[in-house]
Amino acid sequence: MKDMRRPGGMWSLYKMGGITPAITSMFDMKSAQQMAFIRSMIKEQRKNSLYDISLDTVELVVFDLETTGFSPYNGDEIISFGAVSVTGANVCEDETYYSLVNPKRSIPNEIEQLTGITNEEAAEAPDLLHALRGFLEFVQQKVLVAHGTGHDKHFLNAALWRTSKVNFSHRLLDTMMVAKWLNPKLKGYDLDTLLDIYEIEVSSRHHALEDAQMTAKLWSKLIPQVMERDVETLGDLYTQLSKHA
C-alpha cells in the first residue's frame, strides 16, 4: 500500500493545508502541492498584525488584475496578474510579478481590444492555480494596494475559494479611498483622472503590470500627503479611512 506519511505525500499535504489538498493529491500531486501552499500562506497571513508599522517602512505590493468581465460569480475569469513591490513611498521598480492566465473560456472581443491579450496567448498561459501561487509567492505577508479594490478583491476571493477553498485575508488598501480622503472635492477618482492630477506619466493602460506600476507611483505621491496629517502608521491610516468610508 502506498505510504501516505512519506514526505510530500497525502499526510504531509493534510498537515499543511487540510483535507482538500490531501484529497486532490490522489489525482494530481503537483496541483495539490500548489493548493497546500496557498492554504498555508493564507493561514499564516491571519496571524500577523501590521497596524503598528510606520508608513515610512511598511512593505506593500501594489497589484492589478485584468479579467474577462466584471463578475467572477457569473463566469468571468482573471486573465492576467501584475504587481510591484513598494516600501513606504518608494516604488521598487525592479521587483515585479506578471503572469497571463488561461481563463479556459473565450475572451470577449472588447476585452481583447482593451487589454491586448488574445485568446491565442491566453491558451498558452499557466492555469489559474499556478498563476495564483506565483502571485502569492511574490506577495508573501505584505499589505496589498490597488485602485478601486472591490473588483480585484472579488476576483481574488473567488479564485482562492475555487482553487483552494480559502477566503482572501490579506490586508488591503485602496488608493481611490486615500485620494477621496485627501481630496474630497474632486469631480472624479478614477485612475486616469488621478494620474493626470498627480502628473504621473501614462504608459499603457489596461495592462496589469503597467497599471500596477502607475498605481504604485500614485501611492508614492499620496503617502507624503497622508503623513503631513500626522497619520504615521498603517493602523492610523485604516482608522482615518474608516471615518470617511
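Brief remarks follow.
- Number of residues in segment 109-132 that are outside any loop (DSSP other than H, G, I, E, B) and in contact (Cβ under 8 Å) with a residue 12 or more places away in the chain equals 12.
- The residues on offer are Trp181, Trp219, and the sole one that is within 19 Å of the chain's Cα centre (by Cα), over 30 Å from Gln33 (Cβ atoms), touching a residue at least 40 places away in the same chain (Cβ under 8 Å) and surrounded by 16 or more Cβ atoms within 10 Å (Cβ to Cβ) is Trp219.
- Of all residues in segment 133-143, one or more are in contact (Cβ under 8 Å) with a residue 60 or more places away in the chain, in a strand (DSSP E or B) and surrounded by 17 or more Cβ atoms within 10 Å (Cβ to Cβ).
- Hey, Glu66 surrounded by fewer than 21 Cβ atoms within 10 Å (Cβ to Cβ) and assigned by TED's automatic domain parsing to the domain that holds Tyr238 or not: no
- Of all residues making up segment 72-98, the number that are in a helix (DSSP H, G or I), free of Cβ contacts under 8 Å to residues at least 60 places away in the same chain and in contact with a helix residue (DSSP H, G or I) (Cβ under 9 Å, 6 or more places away or on another chain): 0
- Number of residues in segment 230-245 that are surrounded by fewer than 20 Cβ atoms within 10 Å (Cβ to Cβ) and touching an Asp or Glu at 6+ places or on another chain (Cβ under 9 Å) equals 6.
The values are calculated or read from the model by the stated rules, or taken from the named source; none is laboratory data. These numbers come from a predicted model, not from an experiment. Heads up, the Cβs are rebuilt from the backbone with ideal geometry, glycines too, and the neighbour counts pull from every protein chain shown.
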